[in-house]
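For reference, the structure discussed in these notes is given below.
The values are calculated or read from the model by the stated rules, or taken from the named source; none is laboratory data. None of the values given here were measured: they were computed from a predicted structure. Note that each Cβ is placed from the backbone with ideal geometry, even for glycine, and that neighbours are counted across all protein chains shown.
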Amino acid sequence: MGLSNLSFSLLLLLSALQLVSAQLATDPNEVSALNKIIDHWDLGNQLSLTIDPCTPNATWASSTANPRVTCDCAGSTCHITHLKIYALDILGEIPRELFELKELIDLNLGQNVLSGPIPAEIGQLSKLQYLSLGINNLTGPVPSVLGNLTKLLSLSFGSNQFSGPLPMELAKLTTLQELYLDSSGVTGPIPQELANLKSLKTLWASDNLFTGKLPEFLGAFAELEDLRLEGTLLEGPIPSNFGALEKLDILRVGDLGEEDSSLGFLENLTSLSTLSLRNCRVSGKIPEQIGNFAKLQYLDLSFNKLTGQIPNSFQDFTVLQFLYLGDNNLSGELPASIITPKLIALDVSFNPMSGNLPLNFARTGFSMNVLGTSINGNGLPDRGGFGLLNCLQGDAKCTNQLPALSSFSIKCGGTSQTSASGIEYNDDSETLGAASFYKSSRWAVSSTGNFVFNSNGPRYIASTDSQITETLESELYKTARLSPSSLRYFGLDLMNGKYIVELHFAEIAMEDDTNSWKGLGRRIFDVYIQGERVLQDFNIQKEAGGSKRALIKTFETNVSNTIMNIHFMWAGKGTCCIPLQGTYGPLVSAINVRQVPGAGNSANRGRKRVGRIVGISLGCAAAVMIVSSVFYLWWIKDDAPGHMRVHTDIPKK
């Protein structure tokens, strides 16, 4: 009898094991599809399935696994519901077999080197709630079939190479809470149909060629917490109904054209921690109410048309760390109490402000830029540019403080060195930060801006140990100065006359590895000389033919007021976070300025122009020969705010 009981127990156990085994069987079509995906993307070393992919406690099912495969085994057959292949540099197109996994809820293929179009079959994955295709090399139009994925909560396809407009079918994603399409390549007007996306909490749409008005319907997205729209072709004004977005934590809108905007809509947006309305043609006075924003840590209203005084309410900021008000028309004195205990950086440069600097400016850990104002430093060491270049205000005339020079050369971000051709490049290794100024004996540098959301810490100087090609002066390019917003170099006490300006560049912070997602970054910025834009949407890497390759851009300009102004400005374009968070903004390796022989005082001889030597992408040795070549001159309209105060004899259209 005991033996019989034992046999019966063994039979029960065997039956139970068979039942569990049956329950664990994954849909064979999905298993086959997954194996083909692994082969297609050559993932055998990272994901080798020698057992059922839905086996409990498999290493690839861990929440930290990458690649990751997890399943739902609630029924008699297991189905793959989560597939993560993230930042593994997988190459090639998206295989059709992927769309056999019709039970997918979460698909993450971000930070790879996927190419080709998004297949239309993606519309079959109707159960998807999370879809990430961001930071790849995908092309073609954004497919309209994405509108079939009506259960989506999060959709990411930013940092790709798409073309054409956003499909209006995205309007069917009424449950969508997060939409990341920054730097995706899409163009044209933002479809009015997207007004249906009223569940959105996060919208990143910067660095796309959107046209038309800034959509008013965004003001009806009452759940919005994070809105970013910088570096587009959108036109103002900022709609007044944005004032209804009372849940906003982050608002970054920039680079709006056409009509002016006001700050009246901000009155009730008291939940903001980050507010940036940089270069938006914002006019009028700064509202007193902003000083009551108890959560505000970052405020950037620079490069606008603001007038009046800085409100006294700014003394009430409790957590504000960064305040940027430069390049406006703000007047009056700097409020004595504006430098609050938490404030790290303050920029009020290039405003017609005056008065004395508050004595608490000297505290440790605080930086300030008052360049181009008449603010007095109260005898403190000049760390902010007190009284320097205030002659650029209005129609004032700058005069030489020292014997006039006819040249200057700077090794941007590095120590002094002498080139093979005998040019002595001055040391520019001074540590600059979020609102900084440094003056050498005959030139000065000003840097403003903070690399927001950069968890790796700010980097205002880039360096490399790699050899720089296309030049005989590799060392000249191994360091460079960076800025997240605005970087200006000024030549001081110059003779008036015609000058040649050589700007040296090499992309040393972004890779160009075609086999890695780290090579997908794009740095784009503008360059102004004497207030005239000479380079727009400039991409060092693209023009030089790759990273760590020297590039020289040469221009002709005039000095009529003893000062040379070379301005590198980020206009919201380019990727933000490849290969690291905060990888964007202007970069320059060296500057060499010299007067054209026999051209002294030529600034007073008729019409003057800013010109460019065409097609220069050469090493220093070749560049010396170029100086004698024919210049191609053309007029450039000055349409960037904040530059009208730099007066030269250059006529404007």
| field | Tally, over the stretch 140-176, of residues that are surrounded by fewer than 18 Cβ atoms within 10 Å (Cβ to Cβ) and either assigned to a loop (DSSP other than H, G, I, E, B) or in contact (Cβ under 8 Å) with a residue 40 or more places away in the chain (or both) | value | 9
| task | Determine, yes or no, whether ILE375 is under 24 Å from ASN558 (Cα atoms) and modelled with pLDDT of 65 or more. | result | no
| So which of GLY291, GLY254, GLY284 ends up being of a type in the set (Gly, Ala, Ser), at pLDDT 95 or above, buried (at least 19 other Cβ atoms within 10 Å of the Cβ) and over 24 Å from LEU176 (Cα atoms)? | GLY254
| note | Filter the stretch 484-495 for residues that are of a type in the set (Ser, Thr, Tyr) and under 14 Å from ASN565 (Cα atoms); the one that is surrounded by the most Cβ atoms within 10 Å (Cβ to Cβ) is SER486
| query | Among THR270, THR307, which is in a loop (DSSP other than H, G, I, E, B), surrounded by fewer than 20 Cβ atoms within 10 Å (Cβ to Cβ) and more than 25 Å from the chain's Cα centre (by Cα)? | reply | THR270
| task | Residues being without any contact (Cβ under 8 Å) to a residue 12 or more places away in the chain, within 28 Å of ASN515 (Cβ to Cβ) and among the aliphatic types (A, V, I, L, M): count how many of those fall in the stretch 33-75. | result | 1
| Test for ASP513: is it in a loop (DSSP other than H, G, I, E, B) and free of Cβ contacts under 8 Å to residues at least 40 places away in the same chain | yes
| note | The condition of being assigned to a strand (DSSP E or B) and touching a Cys at 6+ places or on another chain (Cβ under 8 Å) holds, among ARG488, ARG481, only for ARG481
| Which strands (runs of 3 or more DSSP E) does the stretch 410-476 wholly contain that include 2 or more residues that are of a type in the set (Ser, Thr, Tyr)? | 435-439, 443-448
| query | From the list LYS498, LYS518, which residue is under 18 Å from ILE566 (Cβ atoms) and either touching a His at 6+ places or on another chain (Cβ under 8 Å) or surrounded by fewer than 24 Cβ atoms within 10 Å (Cβ to Cβ) (or both)? | reply | LYS498
| field | Single condition GLU30 does not satisfy, out of (1) without any contact (Cβ under 8 Å) to a residue 60 or more places away in the chain; (2) crowded, with 20+ Cβ neighbours inside 10 Å; (3) touching a Leu at 6+ places or on another chain (Cβ under 6 Å) | value | (1)
| query | Within the set of pairs 6 or more residues apart or between chains, which connect a residue that is on the phi > 0 side of the Ramachandran plot inside the stretch 90-109 to a residue that is small (Gly, Ala, Ser) and in a strand (DSSP E or B) with Cβ atoms less than 8 Å apart? | reply | GLY92/SER115; GLY92/GLY116
| Limited to the stretch 210-227, what total is found for residues that are outside any helix (DSSP H, G or I) and among the aliphatic types (A, V, I, L, M)? | 4
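Conditions (1) more than 21 Å from LEU166 (Cα to Cα); (2) charged (D, E, K, R), marked per residue:
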| position | (1), (2) |
| --- | --- |
| LEU209 | no, no |
| GLY212 | no, no |
| GLU223 | yes, yes |
| LEU233 | no, no |
| ASP255 | no, yes |
| LEU277 | yes, no |
| LYS305 | yes, yes |
| said: Looking at the stretch 533-563 only, could you name the residues that are among the β-branched types (Val, Ile, Thr), in contact with a helix residue (DSSP H, G or I) (Cβ under 9 Å, 6 or more places away or on another chain) and outside any loop (DSSP other than H, G, I, E, B)? | reply: ILE552, THR554, VAL559
| request: Test PHE317 against the stated conditions and say whether it is within 28 Å of the chain's Cα centre (by Cα) and either in the same structural domain as HIS567 (by TED's automatic domain parsing) or modelled with pLDDT under 95 (or both). | output: yes
| Do you know which of the residues in the stretch 73-88 that are in a loop (DSSP other than H, G, I, E, B) and among the polar types (S, T, N, Q) is modelled with the highest pLDDT? | THR77
| task | Give the residues of the stretch 110-124 that are assigned to a loop (DSSP other than H, G, I, E, B) and in contact with a strand residue (DSSP E or B) (Cβ under 7 Å, 6 or more places away or on another chain), sorted by residue number. | result | GLY110, PRO117, ILE118
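So that you can scan it fast, the table gives a plain yes or no per residue for (1) in a strand (DSSP E or B); (2) among the small types (Gly, Ala, Ser); (3) touching a strand residue (DSSP E or B) at 6+ places or on another chain (Cβ under 8 Å); (4) farther than 22 Å from GLY355 by Cα:
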{"residue": "LEU233", "(1), (2), (3), (4)": "no, no, yes, yes"}
{"residue": "ILE286", "(1), (2), (3), (4)": "no, no, yes, no"}
{"residue": "ILE290", "(1), (2), (3), (4)": "no, no, yes, yes"}
{"residue": "LYS295", "(1), (2), (3), (4)": "no, no, no, yes"}
{"residue": "VAL319", "(1), (2), (3), (4)": "no, no, no, yes"}
{"residue": "LEU323", "(1), (2), (3), (4)": "yes, no, yes, no"}
{"residue": "SER337", "(1), (2), (3), (4)": "no, yes, no, no"}
